[in-house]
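All of the numbers you see were taken from the coordinates with simple rules; none came from a lab. All of these numbers come straight from a predicted model, not from anything done at the bench. Cβ atoms come from the backbone with ideal geometry, glycine included; neighbour counts cover every protein chain shown.
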Amino acid sequence: MTSQWIDIPAQDGNTFKGYLALPPAGHGPGIVLIQEIFGVNEHIQSVADQYASDGYVVLAPDLFWRSEPGVKLGYDGDDWERAFALMKALDFDLAIDDLRRSVELLRERDDCNGRVASVGYCMGGVLSFLSAANAGVDAAVCYYPGSIEKRLDQAEKIKCPTLFHFAEEDDHIDSDAVAAVQEKMAQVGGAQIETYPGVDHGFNCWARPMYNQNAAALAHGRSLVFLAENL
């Protein structure tokens with residue numbers, strides 16, 4: 001597995017960075033890995049490396065590049081406040097365009113087989129959902145997608161398979177929000193929705209106190225099966 005930072009073209013003629021992790025075989029299906037509010041930090045880079053080790057060509061674009069390029073934050077104190085400020089400043093329409101361009105770049109690479117999924121966490125989870133609707137991905141995985149219930153009007157645009165992972169004890173996504181997603185995605189079709197009892201938001205992040213090894217491993221396994229079946 002090898003990794004590097006690469007340039008991704010933006011709509012305004014600028015470029016922004018993305019962390020690219022290549023699988024040991026040197027080629028495979030593609031994943032656009034979508035960050036949490038903490039930037040493409042050590043954890044997100046490790047997740048990219050994890051999926052690359054699973055055989056995927058993984059690109060994690062820096063979506064905060066317009067406000068603070070290259071930011072890599074921790075999970076408490078001043079970093080927590082900075083992360084929420086960056087999220088509030090993010091223009092989601094521009095972020096979706098950045099993700100669409102990331103998908104196109106990945107799909108056109110010689111080391112990608114042309115099939116690309118999005119995988120995102122928290123803010124990245126809802127952006128993965130929006131990528132399924134607007135960025136041309138072939139499949140989408142959404143981990144505890146924050147505020148997704150406010151964006152379900154986008155679900156009608158989704159034509160690809162989707163997988164959702166929700167924590168039953170999530171302080172940020174209540175049971176009514178999960179029920180709304182279940183109801184809407186049942187109408188749209190092609191969705192797999194998994195819930196994890198006894199765990200909180202962020203259970204996949206081993207750098208945070210809510211990390212749960214069992215739920216993270218189970219969700220990762222389900223994600224790998226889903227990706228293998230759809231890419």
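Too long at a 30 Å Cα-Cα cut-off: which of K88/K157; K72/K159; K72/K150? Check vs 30 Å cut-off fails for K72/K159. What FRET efficiency, computed as 1/(1 + (r/R0)^6) with R0 = 25 Å and r the Cβ-Cβ distance, is obtained for K150 and D78, rounded to the nearest 0.05? My answer for the efficiency is 0.35.
Ordering 170-181, 63-74, 128-139 by mean Cβ neighbour count within 10 Å, with the highest value first, yields 128-139, 63-74, 170-181.
Return the calculated 222 nm mean residue ellipticity for the chain, to the nearest 500 deg cm²/dmol, obtained by summing -39500 (n - 2.57) across DSSP H runs with n ≥ 4 and dividing by the residue count.
-12000 deg cm²/dmol
For region 191-199, backbone phi angles converted through the Karplus equation (6.51, -1.76, 1.60; θ = phi - 60°) give residue-by-residue couplings of 10, 10, 10, 10, 10, 10, x, x, 10 Hz, Gly and Pro being listed as x. Candidates L218, A135, H165 compared by Cα position along the dipole of the chain: farthest toward the positive end lies A135, with charges placed on Cβ.
If only the Cβ of Lys and Arg carry +1 and only the Cβ of Asp and Glu carry -1, the dipole of the chain around its Cα centre is close to 560 debye.
Taking 0.36 nm per residue of separation and subtracting the Cα-Cα distance, full extension of the segment from D12 to A89 would add 25.9 nm. Ranked by how many other Cβ atoms sit within 10 Å of their own Cβ, fewest first, the residues H43, H220, H165 fall in the order H220, H43, H165.
Think of the chain as a dipole: +1 on every Lys or Arg Cβ, -1 on every Asp or Glu Cβ, centred on the Cα centre; then among S147, G26, W206, G26 lies furthest on the positive end. Projected label points at D171 and A186, each 7 Å from Cα along the beta carbon direction, are separated by 3.1 nanometres. Across every pair of non-identical alpha carbons in region 2-230, the mean reciprocal distance, once inverted, gives a Kirkwood radius of 17.3 Å.
Which of the three applies to region 102-231, rounded, prolate or oblate, going by the alpha-carbon gyration tensor with a ≥ b ≥ c and a/c under 1.5 meaning rounded? It comes out oblate by the Cα gyration axes. Taking a cut-off of 13 Å between Cα atoms, list the aspartates and glutamates near K184, but don't count ones fewer than 8 places away on the same chain. Partners found: E149, D153, E156, D176.
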